[in-house]
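Here's the structure we're looking at; comments come further down.
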Amino acid sequence: MSRKLLDLWVGCFVALGLASVLFLALKVGNLSAANFSETYQVTAKFANIGGLKARAPVKSAGVLVGRVADIRFDAESYEAVVTLSLDGRYRFPKDTFALILTAGLLGEQYIGLDPGGDEKMLAAGDAIAKTQSAVVLEKLISQFMFNKASDGPSEK
């Protein structure tokens, strides 16, 4: 094999490796080009969003139905306002419940949608009224420790 042909094959292999690394980086960062064709946006207010970030998945029944588009703080109600960008193929009832869930014990946080039974559907610009904030592990541990401390020493 000639030197030029060998250099060509090495160059192709390096280019393929760089493309693979780029693809994996985009997948890990949730920045892949899997944009939904037609979306509509709804908002939901939460007292505590925990570690929820923009571009986090929005799932219903385990299926990806959208992404978190924006997170901002409402200075009047002192709550976090989360804007959800939902795929236009999926419509949800007006009484849908939005929960902030965690994938696994310490995994990423995402929004889960539990559909209600209302006949009217959410439209672009609507707000989800029923929400449940994130469960903060540190808060649970401190409540457990406080409860144990208030029980006093156990008698044997």
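The values are calculated or read from the model by the stated rules, or taken from the named source; none is laboratory data. Note that this is a predicted model, so its numbers are computed, not measured. Cβ placement follows ideal geometry from the backbone for every residue including glycine, while neighbour counts extend to all protein chains displayed. Ligands, DNA and RNA are stripped out before the accessible areas are found, and what is left, the full protein with its side chains, is counted by its heavy atoms. Shrake-Rupley method; radii C 1.70, N 1.55, O 1.52, S 1.80 Å.
Points worth noting:
- Test: residue 5 is open to solvent by less than 80 Å² (accessible area, probe 1.4 Å), outside any strand (DSSP E or B), farther than 17 Å from residue 123 by Cβ and not β-branched (Val, Ile, Thr): yes
- Check on residue 39, surrounded by 11 or more Cβ atoms within 10 Å (Cβ to Cβ) and either at pLDDT below 95 or over 28 Å from residue 92 (Cβ atoms) (or both): yes
- Residue 127 falls short on exactly one of the conditions (1) under 20 Å from residue 47 (Cβ atoms); (2) open to solvent by less than 50 Å² (accessible area, probe 1.4 Å), and that condition is (2).
- Looking only at the stretch 57-113, and only at residues there that are among the aromatic types (Phe, Trp, Tyr) and not in a strand (DSSP E or B), the one that is surrounded by the most Cβ atoms within 10 Å (Cβ to Cβ): 92
- If only residues of the stretch 43-56 that are in a loop (DSSP other than H, G, I, E, B) and aliphatic (A, V, I, L, M) are counted, the one that is most open to solvent (accessible area, probe 1.4 Å) is 47.
- Applying a threshold of 9 Å to beta carbon distances and a minimum spacing of six or more residues, or different chains, the list of pairs starting in the stretch 13-26 at a residue that is part of a helix (DSSP H, G or I) and ending at one that is open to solvent by 80 Å² or more (accessible area, probe 1.4 Å) reads 25/31; 26/33.
- Subset of the stretch 67-82 [more than 17 Å from residue 130 (Cβ to Cβ) and under 12 Å from the mean Cα position of the chain (by Cα)]: 67, 68, 69, 70, 71
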